[in-house]
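First up is the structure itself, then whatever we jot down about it.
Every number here is computed from the coordinates shown, using simple stated rules; none is lab data. If you're wondering where the values come from, they're calculated on a predicted model, not measured in any experiment. No Cβ is skipped: glycine too gets one built from the backbone with ideal geometry, and neighbour counts run over all protein chains shown.
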Amino acid sequence: MTLKDTYKYLESIKKIDNEIRKQQLKHDALQSCLLPKAIAYDKDSVQTSPQDKMSEIASEVLDIEKRLDQLIVIKAEKVKEISENISLLENDTEQIVLLGFYVGGLSITAIMDAMHYSERSIYRLRRRGVKRLSEKMSVNGRT
């Protein structure tokens, strides 16, 4: 596995998170359309063919909820898989940095404060950890 592939692999959790956020925003916006509205008596009463827009919206909301459930399961599996691969590293400090950044979604500053290392050291540990992980995964044939 190349270094570029390893970075993509580690970033896959963030991609799933972004997709979950997008679906959640769409879900919330559509669900707000399902809220009851006041009756307007000032409009002309015109006979039209009945269209049930509410059921269409409700159906789409349910579809999004199913997709969100699927994405959450996919994310959980990916977190488990990536965590297992990171545990292949011998250096605990590199493991903590990689787990914090890629799995935990922490910023470099948060990791730096928690570990009491300089920002430069955290970046160095991350770069070295990704490089070693790439080598380990290539040797073990993992994806």
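Tell me, in nm to one decimal, what length is gained between residue 59 and residue 131 on full extension, where the rule is 0.36 nm per residue of separation less the Cα-Cα distance?
21.3 nm
Shape of the chain from its Cα gyration tensor (a ≥ b ≥ c, root eigenvalues): rounded if a/c is under 1.5, otherwise prolate when a/b > b/c, or oblate?
prolate
In the chain, which longest range has no trypsin sites (Lys or Arg not before Pro) that are both DSSP loop (not H, G, I, E or B) and surrounded by at most 12 other Cβ atoms within 10 Å?
Free of exposed loop sites, the longest segment is 44-143.
Neighbour counts of other C-beta atoms within 10 Å: give me 6, 93 arranged from fewest to most.
Going from least to most buried by this count: 93, 6.
For Cα pairs less than 8 Å apart in space and 6+ apart in sequence, what is the mean separation divided by the residue count of the chain, i.e. the relative contact order in percent?
Details: 95 pairs, mean separation 50.0, N = 143.
In percent, rounded to a whole number, it is 35.
Counting each DSSP H run of 4 or more residues in the chain as -39500 (n - 2.57), what helix-only mean residue ellipticity at 222 nm follows after dividing by all residues, to the nearest 500 deg cm²/dmol?
Dividing the helical sum by the residues of the chain leaves -24500 deg cm²/dmol.
What shape does segment 75-143 take by its C-alpha gyration tensor, where a ≥ b ≥ c are the square roots of the eigenvalues and a/c under 1.5 counts as rounded, a/b above b/c as prolate, and the rest as oblate?
oblate
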